[in-house]
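J.: Dumping the structure here so I can ask a few things about it.
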Amino acid sequence: MGILDSLMKLAKELQAFSDQLPKDPNAQTKKETQPEPKKEEPVTAAASQADGFVDDDNIFEGECDRPTCRARILAVLASEFPSYTVKEDVSPHTIGGTGKFMNYSIAVYSGDEPKLFMMLIGKTTASHREYRWSKEEAAKKGIPMINFICHDPNKTVYIKQRLHKYL
């Protein structure tokens, strides 16, 4: 019985293998007939503008680091909210805080009155004491404080939507 079982197992393996072969000996296998997928190069904003295409929604914006994020926010504030004054790296001491704080990355003022504070933060910034104290100080004064996480894309459309909620 051991030999018969081995032969039956071998026969099943040969059958499975022959089922994978093409019926027409001159035909190519399915894998060989499929073309390789094209690897498309990402389209950059500069390349799209060179083609005469201007993207109003900035869908070509890529990863966002701290300087890029700051520049995008400042650009949105200048274009969408020109009546406000913008200050960078504002200490919570300016609103009466005492102690050790993390500066607000960007502050938006209407006249001399602060309307919104923004923090450009990394993955672990929210766990820092100085960050929490700055957030608490803004809350005590009734001034909203929002975060922009620098390793997220932070596209211009997203920034506009967030700022329109608060200003």
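The values are calculated or read from the model by the stated rules, or taken from the named source; none is laboratory data. This structure is a prediction, so every number in the text was calculated from the model and none was measured. Neighbour counts are summed over all protein chains in view; Cβ atoms, including those assigned to glycine, are modelled from backbone coordinates with ideal geometry.
J.: For region 92-146, what are the residues that are free of Cβ contacts under 8 Å to residues at least 24 places away in the same chain, among the β-branched types (Val, Ile, Thr) and within 23 Å of Ile159 (Cα to Cα)?
T.: Thr124, Thr125
J.: Here is a follow-up. Quick one: in region 100-112, of everything that is surrounded by 14 or more Cβ atoms within 10 Å (Cβ to Cβ) and out of contact with any Lys or Arg (no Cβ under 6 Å at 6 or more places or on another chain), which residue is farthest from Arg72 (Cα to Cα)?
T.: So in region 100-112, the residues surrounded by 14 or more Cβ atoms within 10 Å (Cβ to Cβ) come out as 101-109.
Okay, now just the ones that are also out of contact with any Lys or Arg (no Cβ under 6 Å at 6 or more places or on another chain), so 101-106, 109.
Working: Phe101: 25, Met102: 21, Asn103: 19, Tyr104: 16, Ser105: 13, Ile106: 12, Tyr109: 18 Å.
In this case the residue turns out to be Phe101.
J.: Taking region 131-144, which residues are part of a helix (DSSP H, G or I) and either closer than 11 Å to Met102 by Cβ or hydrophobic (A, V, I, L, M, F, W, C) (or both)? Break it down stepwise before answering.
T.: To start, the set of residues in region 131-144 that are part of a helix (DSSP H, G or I) comprises 131-140.
Across region 131-144, the qualifying residues are Tyr131, Arg132, Trp133, Ser134, Lys135, Glu137, Ala138, Ala139.
Residue by residue, here is whether (1) at pLDDT below 95; (2) closer than 16 Å to Ala75 by Cα holds:
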{"site": "Pro114", "(1), (2)": "no, no"}
{"site": "Ala126", "(1), (2)": "yes, no"}
{"site": "Ile143", "(1), (2)": "no, no"}
{"site": "Pro153", "(1), (2)": "yes, yes"}
{"site": "Thr156", "(1), (2)": "yes, yes"}
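J.: Assess whether Ile73 counts as being touching a residue at least 24 places away in the same chain (Cβ under 8 Å) and in contact with a Lys or Arg (Cβ under 7 Å, 6 or more places away or on another chain). Even if it seems obvious, please write down each step before you answer.
T.: Values: touching a residue at least 24 places away in the same chain (Cβ under 8 Å): yes; in contact with a Lys or Arg (Cβ under 7 Å, 6 or more places away or on another chain): no.
No: the conditions fail for Ile73.
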